[in-house]
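K.L.:
Structure incoming, see below.
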């Protein structure tokens, strides 16, 4: 008995400086809930309640009712909406109160009235007025996990929710059903049952990483060494051309140096557009499409290798998605690079096609700047392999678009944004490697001023891109990028038309 008392005393001492909240799961369907306030915060509270307990009886009291809530309640007959000012009588026949108004005086008044009649109250964004908090909820069938940071950081709670949502397989609900059935068949005392169930569930806590997951860093380093070796062989075979470049640096090098720096800064701010901005700039500067795409992909090898490694360290990669995506993407990239290099002699006709493509992407970037919040479909995109092939092909054949096409499609199709980004980034590294090798094989060493300018410029920008880009809003940068890409692309198209005329 004494060891138990010592343990309790120790826990009490620790709780003085830690989270003292007592976790509990409430059968909210058995309670009468009052929600005061029907704006954006009220919608957030209502959504949390109904998502977890769809049969809960909720009464909403508010002078103003948002259109979103009006649409939401149409599917739930147990929700009653009263468009009026709050009165003390509204607390009668209520068990739990949620307050979501932007009036601090009213919030304090409701809190005091609820305390007088012993009602539990949650006041949005006011931890000191709350009897309980709404934690971030992870739900997988019968499994439900609530996360609390003691009101210190909702952002951390949401981040943990993202990790658990992606990390826990949806099949875990099947496991729970099977374990429930198995428990009914076990004989013996409680101790023997627990021991048997522990043996069965032991595999759930043993990390079973695939061969690729265990050795990804070696894949990255081997790929970089292999790539550098192949480039060295190419340089050796084209030594006079390269020596000429080193002894007589073309001023074009400095233009691409600055351009690579600026484009990498922009990419660091919005996570996309490096390919499309570089492609439109390269075409405008007179590079053939194949050489422009080669320069872009060579410059992306190191940056994407580092980005992929960082996402791996932060566990932001969905390996199942990666395995489905990577092979078709590489095949598409190699095919795109081969096709573009084979048509190099027709570059005068390819330039306007690429310019039209970048014009469309510029327009898409501009449109996204005005609707940054992407609505996610509940149905996840299924044709991942085909999406990877198309994305890899277009990226190599037109100089960019992997992020714009694949990442946007994954997020819009219901994939988690954070894990989609990590998976797309590390996939991009291997695509850049194989595309660059294909271009080198087909074209040899050419336009070194563009290649090295983009490589050095983007490398210089990488360490400071995040810090500097935070000085500007994402929307402002996206508008600027969209306008610049469209103007440069239009210029190339107009020049081509004038040549024909």
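Here, each number is a calculation from the coordinates, and none is a lab measurement. Remember, predicted model here, so these are calculated numbers, not experimental data. Methodologically, a virtual Cβ is constructed for each residue, glycine included, from the backbone with ideal geometry; neighbour enumeration extends over all protein chains shown.
K.L.:
How far, in nm, would the chain grow between residue 80 and residue 285 when pulled straight, counting 0.36 nm per residue and subtracting the alpha carbon separation?
P.N.:
Working: separation 205, 0.36 × 205 = 73.80 nm, distance 6.39 nm.
Result for the pair: 67.4 nm of gain on full extension.
K.L.:
In what sequence, highest mean first, do 154-161, 254-261, 58-65, 109-116 appear when ranked by Cβ atoms within 10 angstrom?
P.N.:
Answer by packing, highest mean first, reads 254-261, 58-65, 109-116, 154-161.
K.L.:
Still on this structure, I have one more. Under a point spin-label approximation (7 Å from Cα along Cα-to-Cβ), what is the residue 144-residue 383 distance to one decimal in nm?
P.N.:
Placing both labels 7 Å beyond Cα along the Cβ direction yields 3.8 nm.
K.L.:
So if we plug the beta-carbon distance of residue 63 and residue 160 into 1/(1 + (r/R0)^6) with R0 = 30 Å, what FRET efficiency do we get, rounded to 0.05?
P.N.:
After rounding to 0.05, the efficiency reads 0.25.
K.L.:
In what sequence do 437, 134 fall when counting other Cβ within 10 Å, fewest first? Write down the numbers at each step before the final one.
P.N.:
Details: 437 21, 134 18.
So the residues, fewest neighbours to most, are 134, 437.
K.L.:
Ranked highest first by the average count of other Cβ atoms within 10 Å around their residues, in what order do 286-293, 424-431, 326-333 fall?
P.N.:
424-431, 286-293, 326-333
K.L.:
Okay, moving on. Could you rank the peptides 22-28, 93-99 by their average count of other C-beta atoms within 10 Å per residue, with the highest value first?
P.N.:
Order by mean packing, descending: 93-99, 22-28.
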